[in-house]
Amino acid sequence: MDLDVDYGAFPVWTRFMLPARPGRPAREVDGCAGPEALGLSAGLAADLQAWADWQDRHQPAAWRGPDGCAEPATGQDWQRWRTTGQELAHRLAAETGAAVVCLWPSEGRDPHCPHCGDPGSSGRPG
């Protein structure tokens, strides 16, 4: 699974099978998976959504237009957001039993992620 944000989407992405439809076979796709499909606890689902919503409010985006500026955030605010994301990734892995890859587009990777981080990383924050 990937923990990553995309405006308005639940921040968990994974591979799953789309069922067959008339004229189309079943196929495996990468996409956003909702908390119900993942069997997440209400607490983790709410925390993941709040984390994604914070990014939506603070990330500059062209679709906002000239009058729809993002809410201001400091570098410290963004670091706190990234740390929260790392903690949520560990909770997601614990609840689902799945490997969770933490991707941060602005930095290219999460240095604490055991799959994409630094080779010497333990996979645990701090």
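Please treat every number below as a calculation from the coordinates, not as lab data. Since we're looking at a predicted model, the values are computed, not measured. With ideal geometry, Cβ positions are generated from the backbone for all residues, glycine too; neighbour counts draw on all protein chains shown.
Remarks
- Amide H contacts of Val101: Asp2, Leu3, each under 5 Å away and 5 or more positions distant or on a separate chain (H built 1.01 Å from N in the peptide plane; Pro and chain starts excluded).
- Each residue, Arg57 and Arg80, gets one label point 7 Å from its Cα in the Cβ direction; the gap between the two is 1.2 nm.
- Contour minus Cα-Cα distance for Ala42 and Glu71 (0.36 nm per residue): 7.7 nm
- Length gained on full extension, Asp6 to Glu95, computed as 0.36 nm times the residue gap minus the Cα-Cα distance: 29.8 nm.
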